Amino acid sequence: MVAAFEPPPRLTVSEWADQNRRLSSEASAEAGDWKTDRAPYQRVIMDALTPTSPYERVVVMAASQTGKTELALNFCGYIIDRDPGPVLVVLPRVEDGEAWSKDRLAPMLRYTPCLKGRVADVRSRDSNNQIRHKQFKGGSISIAGANSPAGLAMRPIRYVLLDEVDRYPPSAGTEGDPVSLAVKRSTTWWNRKILLVSTPTVKGTSRIESWWLRSTQSSYWVPCPDCGRHQVLGWPNVEWPEGRPDGAQYRCEHCGALIPPHRKPWMLANGEWRAANPKSKIAGFWISQLYSPWKEWPETAVEFLEAKAGGPETLRAFINTALGELWDDEAETHVDIAALLARREAYGPRLPAGVCALTAGVDLQLDRAELELVGWGKGEECWSIEYRVFPGDPSAPELWKALDDYLTRQWLHEYGMSLSVAACAIDSGYHTQAVYDFCRTRYARRIFAVKGKSGTLPVWPKKPTRNTINRTPMWIVGVDSAKSVVYGRLRIEQPGPGYSHFPKERTEDWFEQFLAESLVTTYSRGVPVREWRRKKGVRAEVLDARVYAYAALCGLVSMGLRLDAEAERIAALGPQPLETHVETGVAVRGSGRTVLRSRWLDSGRPSL
């Protein structure tokens, strides 16, 4: 009888999960009972979240496929069942929060027996269970987006769970750093817990990096099955036979033995966390995909080769999401002019064989317009075809006539056909109305009025703004993102996807303008911000023209152009006589030359 009045035994979060958590097939690839032993490195992380743990703040810098989302879910389940209180869960956007609530939290509430009935069914009309706010006895879960200041300025919160913090915007509206706003909600609770989780992004601006550096900086050390000595798994030690990534193994850094993938579970089970900064009062954990029980080393090797072939952008994603490591933008955007001068090529009188689409970028100045014509091929390999300066007053018709005549030209291809300019982006930041007037009547030819904007924006938006005079469509170009792509690809040293070709006539002065800006880290209200800065005394028209030419390509792709398919179609034609191309029906006569007509370009013309 006395036992009935005794408090339930104090469990850690990992013990609670092992005893109670059930995974559903709709939210997990491994339905059934939760087993922490499946990924043993998760145990210490979860237990640091237990109320009896001395750590108030827990930081997890982790790769994808390591189970980091499940850690937060287990913590939520533990709170509801064992230690109720108000919870705030913050994701990058409101939409992300709603998806997390429906696709991850709701299945856990339905399939974990001890949680059934603790929160009303979301399909009911019970106001205690809404998508973004759920109440249970003794507490609640509020789900917010980091882009919504209203969601971060709610009632006092005991538990703060911040997921994918590196994807948060710099500021929640005008209110400031969303992480700081969320953490402030918990200041009145003496027994609060704060969890920050994310895959890392860019060195120097990564939020999770800044918290990690203040933490215990714990890494998971695993023993070698042959020599028994512990080590942190690192990508340089993953090896495979030439052309056989499916045979990847791990080489021990101590004894040099090759460890096959099937030994990894034993290594994980016998691993241990070691702190590089043990005196910190913030628990910090780092883990990469190399430890994941759901991703074998050969799979990661295949991912690496695919990412490397895709260029700097896909390689960066691999570094961040698979290895859980930071990407150093400043190092990647440093390019030596001498190296670019040394790799200039002689193209010949026609467009190089790899070119399948032409775009132009135009930068407008006080007394001239500067244009770069760029040819694009498979994997966005590119060739600088021509750089032209059109002198004249942008407010006078002569300059615009010369530009229009240029954009209607046909360019003879090495395979015998001709290509026209598929799209052109013209900067509307100067002589705005003249640009609008020119682009509006040529919009069907994909001559776009654009305006560059800095910040973490996509290169090409989903749709244009029409808040312009005469409602001319105007596209906001994410110039910072475009510059990162342009500069990053200059480091590709072999022709192929992403490689940049330059003709012999490009001068050193031209390359100085091409590399007129550098990426630096500045601080705004204590928050690190990456920004592109002009080198002193160097003009940047060449760089701007290339950025707009690349933006024009992104515009074509967003409208349906399949660049690789177009490249393969042209390559299949080969260097045949002009008459052969005409007979195939692919090319038609025009302006005295054979003009290649893309099936997509003929059918994909935009309209006002």
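Readers should treat all values here as calculations from the given coordinates under stated rules, not as data from a laboratory. No experiment lies behind these values; they were computed from the predicted model shown. Heads up, the Cβs are rebuilt from the backbone with ideal geometry, glycines too, and the neighbour counts pull from every protein chain shown.
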If you take the alpha carbon radius of gyration of the stretch 337-603 and divide it by 2.2 N^0.38 Å, what ratio comes out, to two decimals? 1.01
Per-peptide average of other Cβ atoms within 10 Å, ordering 60-66, 565-571 highest first: 60-66, 565-571
Just check the stretch 403-505 against the gyration tensor rule for me: Cα atoms, a ≥ b ≥ c as the square roots of the eigenvalues, rounded for a/c under 1.5, and otherwise prolate or oblate depending on whether a/b exceeds b/c. oblate
Approximate spin-label separation D367-N191, in nm, with each point projected 7 Å along Cα-to-Cβ: 7.6
The Cα radius of gyration of the chain, divided by 2.2 N^0.38 Å with N its residue count, comes to 1.14
Helical contribution to [θ] at 222 nm, DSSP H n ≥ 4, -39,500 (n - 2.57), averaged over the chain, rounded to 500: -8000 deg cm²/dmol
As a percent rounded to 5, the proportion of antiparallel DSSP bridges among beta bridges in the chain is 50
Relative contact order for the chain: what is it in percent, counting Cα pairs under 8 Å that are at least 6 residues apart? 12
At 7 Å along Cα-to-Cβ for each site, give me the label-to-label distance between S210 and K535 in nm. 3.0
Taking the chain as the reference, fit the longest principal axis to its C-alpha atoms, fit the long axis of helix 297-310 to the helix C-alpha atoms, and give the angle between the two in degrees, 0 to 90, nearest 10. 30
Between R350 and R167, take the C-beta separation as r, use R0 = 51 Å, and let me know the FRET efficiency to the nearest 0.05. 0.70
Mean projection of the alpha-carbon convex hull of the stretch 11-322 over all orientations, in nm²? 16.7
Under a point spin-label approximation (7 Å from Cα along Cα-to-Cβ), what is the K463-E306 distance to one decimal in nm? 3.2
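Show me 423-433, 461-471 ranked by packing, highest mean number of other Cβ atoms within 10 Å first.
Highest mean packing first, the order is 423-433, 461-471.
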Between R244 and W266, how high is the FRET efficiency from 1/(1 + (r/R0)^6) when r is the Cβ-Cβ distance and R₀ = 25 Å? Nearest 0.05. 0.55
Using 0.36 nm per residue, how much length does the chain from W221 to S25 gain when fully extended, once their Cα-Cα distance is taken away? 67.4 nm
Once both axes come from the Cα atoms, what is the angle between helix 397-407 and the longest principal axis of the chain, in degrees from 0 to 90, rounded to 10? 80
Counting only DSSP beta bridges fully inside the stretch 337-603, the antiparallel percentage to nearest 5 is 65
